[in-house]
Structure formats: C-alpha cells, structure tokens
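Working notes, beginning with the structure itself.
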Amino acid sequence: MTLSLGLAPRVARVSGQGQRWAEARTGALLSLPAALYFLVFWVVPFVSAVYLSFTSYDLAGAPEWTGLDNYRRMLEDPGFWNSARVTAVYTAGSVVPSIVLALAIAVPLSKPGRYNAFLRGLIMIPAAMPLVATSLTWSVIFAEDGLANALIGLAGAEPKPWLTDEGLALWALVIMTTWKHLGLFVIILTAGLQGLPLSVFEAAGLDGAGPVRIFFRITLPLLRRTLLFVLVIAVVGAMQSFVPAFLLTKGGPAGATEVLPLYMWATGFTFERMGYASAIAMVLLAAMLALSVAQFRVLRGGDDG
Amino acid sequence: MKVLRGTVLTLVVAVMLLPVYAMIAVSSASDASDLGGLSFDVSQLGAHVAQLFGQGGFPLYLRNSLILSLGIAVLEVILSAAAGYALAQLRFPGSRALFAVIVGTLSLSPIVVLVPMYLIVKALGWIDTFQGMIVPFMMSAFGVFLVRQFALALPRELLLSARVDGASELRIFARIGVPLLRPALLTLFLLQFLAQWDNLLWPLIVANNPGLWPLPVGLSQLQTEYDFSIGLVSTAALITAVPPLALMFLLQRYYVAGLTLGGVRK
Amino acid sequence: MTRLTRRALLRTATLATASGLLAACGSEPAATVPADGVPRGKLSVWLHQTKAYDKVFNPLLRSYMQEFGGVDITPLYVPVDKLDAKLLTAFAGDVPPDLVKIGGWTIPGHARKGRLAPIIPKAMGVADEKALVQAYDEHAIGSLSYEGKLYGVPIDYTICYLYYRKDRFAEAGLDPDKPPTTWEEVAEYSKRLTSADGKKVGLQWILGSPQWTLMQLLALVKGKGGTILSPDATKATLASDPGVEALRYYGSLGNPKLSNPLSGFGLFATGEAAMLVSGLFAMDLFPTLNPKLTFGKGFDIAPMPRWESGQPVAPAYTWGWAVAQKSKLQYTAWHFIDYLQREDVAAKQLKDASLLTPVKGWEKLPGADQKAIDIMAASAPHADFGPQTPVWNEMAKALTDAGDAVAFGKKTPEQAAADFDQAMRIAL
C-alpha cells in the first residue's frame, strides 16, 4: 500500500532527474552558509583589495585612483625584490625539507602499534604550541649561549650568531617553522597512508618488490590526494608566513628575513601606503594561485576517486 | 629492524621535543643571566605562575581565548562539514566555482584584507564585540578543503545503498557522512582551535576593550618595550600552551588512530 | 593655571558659541568648549605600557577622576610594536581613541592627514597657543606642530647620551672618568675595548631600529655638516661626502653579529658592548637588566661625541599626547592632557620614571640624576630632531636599511647612500 506508493518515486531517485534535483537542492543548502561567509568576509574584501591596488590610499580620506602606478613602482622597488627573493628562498627551503621529512617519518610511523600511536601523539606537540610561545622559545634557543649552539658545540662546531647573521637568520626561521609544522604534516600523511588499501601492498609484496620500489611506485602515487593537500597547504602557508618572521627577527638583520607579507605589513601599516601594499598582495596572490594550479595539475588529486 | 626503526623514531621525537623542554627551563629563569642552562627551578616557575594569575589579568585572557577558540572551532566544524561534504559528494550548480573561490582565498593575504574586513565589521557594528572577533574567522578555506578531500574518499557503495533505501540527501549527510567524517572533523576542530588560539592581529585590532583580549595579545603586552623578565614572559607563554595541548591529548584517539574512513576498503 | 584676561574670555566665549553652532549644524564632531569649562565624558586613551610610566600614570588617572567626577577614563595599553597598526585601522574606520600617546615624530604626519585635532587653549588653561608654546621647551614643542598649528604636547623628551661601562674602561686600561669626547676618540677607544675574537666591542650601534638608526646617523651626518634630507625635505642628500663618511664610520664600529634579545641595550647590560648611544630612560633600564650595574660605578654617561672639526649635534626625540579629530570629547581630552603635564607631575615623573616632560625650565626640575639633566641642559642648544617629513617612517626605514647594509658589509657606504637617495626619490 503505502510501501509501494512510497518506494516507487524514491527508487527512481538513485539516478536521473529526481536524484539530480535532490542533490542540487541539498548541496546548495549545505554550502549556502559557506558561500555567504566567503562572499562577505573574503570576496568583498578581496574586491576592495583589488580596487585599492590601483589607488593610492594612505588610510586617511578616500583612495585616489592612480592606475598602474603601484605596479610600476614595484618594478623598481629594491625592497620588494628583496622580499620576493627572501620569500622564494624561504618557501622552497621550508616546504621541500618539511614534506620530505614528514614522509620519511610518516611511513614508518603510520604502521599500527601502540608505541607508534604514542609517538604520533607526541609529535604533534610542537604544532600545538602557540606561535608567540614558540617564537620566544626559539629566540632563546638561538641566542649566543642557547641550546642551538650547545648542540652544534657537541658536534664540534663553533657557536653561531643565528639571528644576527644575515646568512643564517633565514635558515633559523626555516628551522623554527619546519619544527612547528612537521607534526601536522606527519599526522595528515599518516591519515592518508592508513587509508591506503592493504591488498595492493600485499600483492606487491608477493611479487617480490622491495620497500623502496613499493614506496615510489605504489605508495606515492596512491597518496596523491593527501600529498596534494599537504603540498598546497605548505606552500601557501610558507608564502603567507608573517607572524614567525615578525616575532622572531622582525625582518631580520638587514632585511634577510623580510618575507613579502612582512614587507606588505610595513608598507601598509608603517608607511601607510595601503594601495601599494594591496598591489603587492595581488602579485603574491597571482604567484600562489599559479603554484596551486600547477600543483593540482601535477598531482591530479582533485577529483578522481 | 623493527627495533632500529623504533629507536630512530624515538630519537627524532625526542629531538623535536627538546625546544619544549628548553621553554620550561627558561620559564624558571629568574633573570636574563641564566638562560643558557637546561636546569629547572620549580619554585621560581611557581612564583612566576602565581604572579601572572595574581596581577597579570591572565584568567581574563584565558577565558577570552577559550570563548573565541571554542566558538570558532565549533562553527568551523559544522559549516565546513556541510560545505566540504556538499562539494565532494553532491553535484549542484556552481559547486566548481565555489570550490575554486574557496581555495583561491587561501592565497589571499590576510594583511591587505585586514582593513576592508575591519570596515565591514565596523559597518555591522561589531567592533569591540565577541561576534566581531568570531564571525570573520568562523570558517576557513583550509577547513573546507580538508573536509572535501576526505569526503571524496567516502565509500560510494554506502551512499548509494542509502539512496536506494530512500534516504534523503540530507539524511545521508547527517547519518552516514558525518559519522564517517568524524575523525577528520575532530582533527579540524583541533586545528582550528589551535589556529585561533594563536590569532594575535585580528583581536588586537578589533577589540578596544582589554577585557575582550585573548591570550596572544595579553602575552605581547608582557613584552613591554625595553624591559621584560624573560622568565615571566616564558612562563606566560607556557601557560598559553596548556589548553591547546590538553585538547590535543584529549582528541588524540581520533587522529592518532588514523583518519580512516570506514572499513570498506580494508 | 594662568588667569584668563577678559579679552581671552571673550575670545573663548565666541569660540565656544561658534563651535556650538558648528556642532549644532552636525557637520563634524566639534571641539565644543563647555561654557562652564568643566570636562565631562568617557575618554578612551591609548598608549604603550612601560613599567616605569605605569607607576606614574595610574595614580594620575585616579586622582584626575576623583577631582573631575564627570570624567571616566579607560586607558588601553597596546603593545608598542602593534600600536601603529591598531591606531591606523582605527583612524581608517573613523573610530579612533580620544587621545593617544605616540611618537612625536609621527604627529606632523597624522596632522597632515587630518586625523588630529589642534590643541584647545582653554582646556589647557591658557589664552592661546602661543602662551602654551611658551610653557614648554621650544625645540620639543616645535616638533609637534604642522602648518603653524600645534597638535600635541611633548612628554618623554630625551637627548641622546653616550653611555659607557666604567668597568670595561678600567679593564682596558682607559680612565673611567674620562669618556671620549670626539668620534675619533670613540673609534680609538673602541679599538682598545674590542677583544680579538670580536665578542667584546667598544661602541655598539643599535641596529635594525628606525628610531635609533636615525638618532645615530643624524649625529654623524649633521656633525660633519651634511644633512640626511635637504632642508626643505624634498629630496635626500645622503649621497654626499658627509653622508658617505658618516656611513663608513658607522660600519667600522661594533660587531653586528653580536646578538641579544634586547639588541644593543642587552649587550650593554651584559658588558659585551662598552659604549652605547641611548636616551634618558636607559638610566633606569640598565640597572633593571643587570642589577650589578649602578650609575656612577658600573656605568656612566657623557654628552654625545662630536667630530673633531665638526659641530656638536644632540639628537633628540620626544613622545607626545595628541587628540583625534574625530573625538567628540576634544575639550575633555586636552583638559586631561594638561593635567598630566603639570609641573609637579613632571617632577614626579622624572624622579620615579626617568621620564622628562620638557616644560620650560625643565633643567631645574628636582629629582633626577643631576648629571643627566646637566648634560641634557648643556646639549639642549644643539638639540636636533632630525628631518621633519610626512614620510618619516619610510625615511627611517630606508636609513636603517642603508646603515645595516654597511654595518653588515653588504654594501659600500657609497652604494648604501645612493640607494637611500633613490628610495627617497620614490617616496618623497
């Protein structure tokens, strides 16, 4: 009675018109709050920022349209190029080691076992430490008589002026941020690794493939989706990194750690050239978008099952 | 082989935790002279803690941080779960565009967005309020991205069979999607909590009433211009690390056990 | 304070009516002078916090609120390195605090952008601006005006001193009671005070700080007869003989690789640096950092050195209280500020916090280390606040880049000076 009446239209819902309609309706409903939020708090400010990049706005009065002036100014601004270079080095220098290290740790650490679980818990601790606390700790560690010099002293090396040597300061920053993010990457990669189908590994093992071969030929490709996520997050995070540099070195000895966000901050809030700062942000945005798109393409972890 | 692996891993973790220990040691320093050592003076540490809670305004900052971080984390999880699942499993017009926009905002620098966002919040009348500090950050591209990636791996068979059984899409989301995504959601909760716990700039700029200030702002207060006791500041920093760490250990089961989604594949 | 003459009263009455009318027109929050002269309202004050000033400021707040019951004041202490950002966003959003304590060097810039309100003489108990200016040290207050109007009153004024460690001098065989008086001597002494491995030095510059780089280089460049910016501040003139020589000297002293969380100050406190350029506040700071360092025994002060054949230059700076243009309580704000600047307060501040309010006759304020005041008084005629320009921040940053580049050996002085001029060409 009701059963047949009730079921009939619903069964048709598994595919076809009804299904598409139901999906669309629920999908739209579920994503509406997100859409609204991003519209108000990100898209609108973004459009403002784009607009501001073509103006001269000194945080007083109204912005004044200046066309491409800001972009032209960037070309001959040594501060911008220095920051761009620092950011590039910093990004490459922190992303590559963190991901490689994270993979190296995650693969053995993702094996089941209580001890491994225990270690995984511990490894997240740096990631949970608040940034202000972290920067303070590391500024002490990198001090003349701090832990860093004590450790390299054990290896027989001379104590180094980590934070005041313009060659070293950026690497000190890289060490600090890598330390902080490693745990997070390991956990995410572990999650990805533990989701991989055991059957494939068993089969490969039976075929006689060695662990290295398995890793490169099977694990990595299967891990694509997770790797993509970690990579994008790492790159974007590095290129946007502001607070660590701000707290640890404030742009470092002679601009050695003046990453682009820090330069933008100074331009916008210290020099009160918000228009120019916005233009720089646009350039950074373009760079990050390009990189993200490239990553999505290469790893194709977006949509396939 | 297994033992070797275990030892190496243990060493790696130990080295990673050295800075944390260093911080504890520094917190018990009484002045700038004995920072180098790794020694540890419990009574001094205790004195610092007492000082902070007595006159530092710390309990207030702590409370504010809890309100902000918990509030944001909860909202984040709910809204990202919905959006992430929808983007992964439901086809609807504009889903591609929405996802592109969301991931695009990852690349937008918070610094230049700061002033426009401030003006929007001001227009809403939310300056100097908790909602002014919470709502602009109640979602993140990271959250939606994370959920979507994990939602993509939800076992199709389960969803399909639920549809065949006649469940509505909403029901499928709530009864199947969310439970399966729970580890990811809890991880997201933790991560957002951590991220917001650290948020220094926005609360500083939006709140003019120090009664609303969260810990990071309070902490940078301690580092007044040229004179600060590093032991005291370090202790303060340590205290700010306690709640996130506690939360982390509490939720450990979920991400340590692995964010696997259902046992279908295995 | 001063007795108002009838004319002044009449003038203020007209002002009051005029501003009352303006306020009624509803165009802008007017600087309404209440007819009864009594301050009212809830004032918001922003300032950065230092332990020293806290001791003085809080009691003042309380006593003011007691005396003027209609006023409620909420101070907000903002971390100093974030004060700019917070203030600027507030200005941009038209919700600034009523009054704020900011670097005097930023006041002309803010005034130029219409963010600040000029002083209200009546609130400060004087007939007009001129009378107020006369109540202060002319140099200090002069730096706080823009286009002929006064936008702030100075507080925490200091001239730079040369601090030196008597113990390090004695160790190196130098007479602790005979500090160097010329830059040439400073270089000589530094040679003897520098250890072979460079871990201990003579004079250490405070690097990386726009404020201090300006002070330090100002002394060097001006001392040689040059200028950092042209007198009309339309272009940079660092790439000239005096500028380049100054940079060369700057790069030849100190060890930039020495590190300390408190930069040069910390290095002086630990003794790694035997000499340091700093302000009055450091008198209190060093004993706090290192309890074994006492004034007169561990360290001492001397006037800023000069070039042998050059002019004496005493770099100076001051902080200032300013009121926001958008404030609806301008009268009350200035009234409160005036309260903070009273002579007895100035004396207490100096004694308790080594903070100098440069009221006229500050040289005779009791309570400070007399030597410090004497030196400051003697140097006062040569006080120099540096180039006044609306792009002060950019100039100071570019100067810091130049100085640091030379100090770290990344650029030659000629190159650094040229780059500075180029950067200023874009900025000015």
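Candidate cross-link partners of residue C:397 among the aspartates and glutamates, defined by an alpha-carbon separation under 14 Å and a same-chain spacing of 8 or more, comprise A:77, A:258, A:272, C:419, C:421.
By accessible area, using a 1.4 Å probe on protein heavy atoms only, the range C:216-266 has 51% of its surface on carbon and sulfur. Each peptide in A:95-106, C:96-107 gets a packing score, the mean of other Cβ atoms within 10 Å over its residues, and the list from highest to lowest is C:96-107, A:95-106. With a threshold of 30 Å on the Cα-Cα distance, the over-threshold entries among C:101/C:292; C:55/C:364; C:101/C:200; C:224/C:371; C:42/C:371 are C:101/C:292; C:101/C:200; C:42/C:371.
When you filter the GluC sites (Glu not before Pro) in the range C:302-411 for DSSP loop state and at most 11 other Cβ atoms inside 10 Å of their Cβ, you are left with C:308.
Under the criterion of Cα pairs below 8 Å and six or more residues apart, the relative contact order for the range A:81-172 equals 15 percent.
Per residue, chain C exposes an accessible area of 39 Å² to a 1.4 Å probe, with every protein chain left in place. Entry for the range C:29-74 at q = 0.28 Å⁻¹: log10 I(q)/I(0) = -1.08, Debye formula applied to identical alpha-carbon scatterers, no solvent contribution. With contacts taken as Cα pairs under 8 Å at a separation of at least 6 residues, chain C carries a relative contact order of 25 percent.
Does the range B:64-202 come out rounded, prolate or oblate, given a ≥ b ≥ c as the square roots of the eigenvalues of its C-alpha gyration tensor, rounded meaning a/c under 1.5 and, failing that, prolate meaning a/b above b/c? Taking the square roots of the gyration eigenvalues as a ≥ b ≥ c, the range B:64-202 is prolate. Considering only protein heavy atoms and a probe of 1.4 Å, how much of the accessible area of the range A:111-240 is carbon and sulfur, as a whole percent? Ligands and nucleic acids excluded, carbon and sulfur give 68 percent. Each label point was placed 7 Å from the Cα along the Cα-to-Cβ direction; for residue C:309 and residue A:207 their separation is 8.6 nm.
Please give the peptides A:245-252, C:158-165 ranked by average Cβ packing (other Cβ atoms within 10 Å per residue), highest first, as a rough proxy for protection.
C:158-165, A:245-252
Straight-distance candidates among the aspartates and glutamates for linking to residue C:130, with alpha-carbon spacing under 12 Å and chain neighbours fewer than 8 residues away dropped: C:138.
Pairing chains C and A buries close to 2400 square angstrom of accessible surface in total, based on protein heavy atoms and a 1.4 angstrom probe.
Placing pseudo-labels 7 Å out from each Cα toward the beta carbon at residue A:36 and residue B:168 gives an inter-label distance of 1.9 nm. Each Cα pair under 8 Å and six or more residues apart adds its separation to the average, and for the range C:319-407 the resulting relative contact order is 14 percent. Taking every alpha-carbon pair in chain A and binning the separations at 20 Å intervals from zero gives 24, 47, 24, 4, 0 percent. Interface B-A: total buried accessible area of about 8500 Å², 1.4 Å probe, protein heavy atoms only.
Residue by residue, the range B:100-113 carries 3J(HN,Hα) couplings of 4, 4, 5, 5, x, 5, 4, 8, 8, 6, x, 5, 7, 7 Hz when phi is fed to the Karplus relation 6.51 cos²θ - 1.76 cosθ + 1.60 (θ = phi - 60°); x denotes Gly or Pro. Once the Cα-Cα distance is subtracted from the 0.36 nm per residue extended length, the residue C:181 to residue C:352 segment shows a gain of 58.6 nm. Listed by chain and number, the aspartates and glutamates whose alpha-carbon sits under 12 Å from that of residue A:160, ignoring those within fewer than 8 places in the same chain, are A:144, A:145. Comparing C:371, C:113, C:411 in a Gaussian network model of chain C, where Cα atoms under 10 Å apart are tied by springs, the biggest mean-square fluctuation is seen for C:113. Looking at A:161, A:228, A:253, which one has the Cα that reaches farthest to the positive end of the dipole of the range A:158-305 (charges on Cβ: Lys, Arg +1; Asp, Glu -1)? The residue sitting most towards the positive pole is A:228.
With a threshold of 28 Å on the Cα-Cα distance, the over-threshold entries among C:328/C:351; A:180/A:250; C:86/C:149 are C:328/C:351.
What FRET efficiency comes out for the pair residue C:234/residue A:89, r = Cβ-Cβ distance, R0 = 41 Å, nearest 0.05? Step by step, r from the Cβ atoms, then E = 0.65.
Model label points for residue C:370 and residue A:294, set 7 angstrom from Cα along the Cα-to-Cβ axis, are 7.1 nm apart.
Peptide C:103-110 shows a mean partner chain C-beta count of 1 within 10 Å per residue C-beta.
Here the peptides B:193-203, C:224-234, C:317-327, A:201-211 are ranked by packing, the mean other Cβ count within 10 Å, and the order with the highest first is C:317-327, B:193-203, C:224-234, A:201-211. Classified by the C-alpha gyration tensor, chain C has a prolate form. Its axis ratio a/c, with a ≥ b ≥ c, is 1.5 or above, and a/b is larger than b/c.
Remark: mean inter-chain Cβ contacts per residue of C:402-410 equal 3, using a 10 Å Cβ-Cβ cutoff to other protein chain atoms. Binning all Cα-Cα separations of the range B:36-121 at 5 Å, short to long from zero, yields these whole-percent fractions: 3, 10, 9, 11, 14, 12, 9, 8, 9, 7, 4, 2, 1.
With the Cα gyration tensor of the range A:224-273 giving a ≥ b ≥ c as the square roots of its eigenvalues, does the rule (a/c under 1.5 for rounded; else a/b larger than b/c for prolate; else oblate) give rounded, prolate or oblate?
Working: a/c = 3.74, a/b = 2.18, b/c = 1.72.
It comes out prolate by the Cα gyration axes.
Helix-only arithmetic for chain A: the sum of -39500 (n - 2.57) across DSSP H runs with n ≥ 4, divided by the residue total, places the mean residue ellipticity at 222 nm at -21500 deg cm²/dmol. Chains C and B together bury roughly 2100 Å² of accessible area, counting both sides, with a 1.4 Å probe on protein heavy atoms only. The Cα-based radius of gyration of the protein assembly as shown, divided by its Kirkwood radius, gives an Rg/Rh of 1.00.
Within 10 Å of each Cβ of B:115-127, how many other protein chain Cβ atoms are there on average?
Per residue, the number of nearby Cβ atoms from other chains is 5 on average.
The values are calculated or read from the model by the stated rules, or taken from the named source; none is laboratory data. Given the structure is predicted, the values throughout are model-derived calculations rather than measurements. Neighbour counts are summed over all protein chains in view; Cβ atoms, including those assigned to glycine, are modelled from backbone coordinates with ideal geometry. For the accessible areas, the whole protein counts, side chains as well, though only heavy atoms, and no ligand, DNA or RNA atoms are used. Shrake-Rupley method; radii C 1.70, N 1.55, O 1.52, S 1.80 Å.
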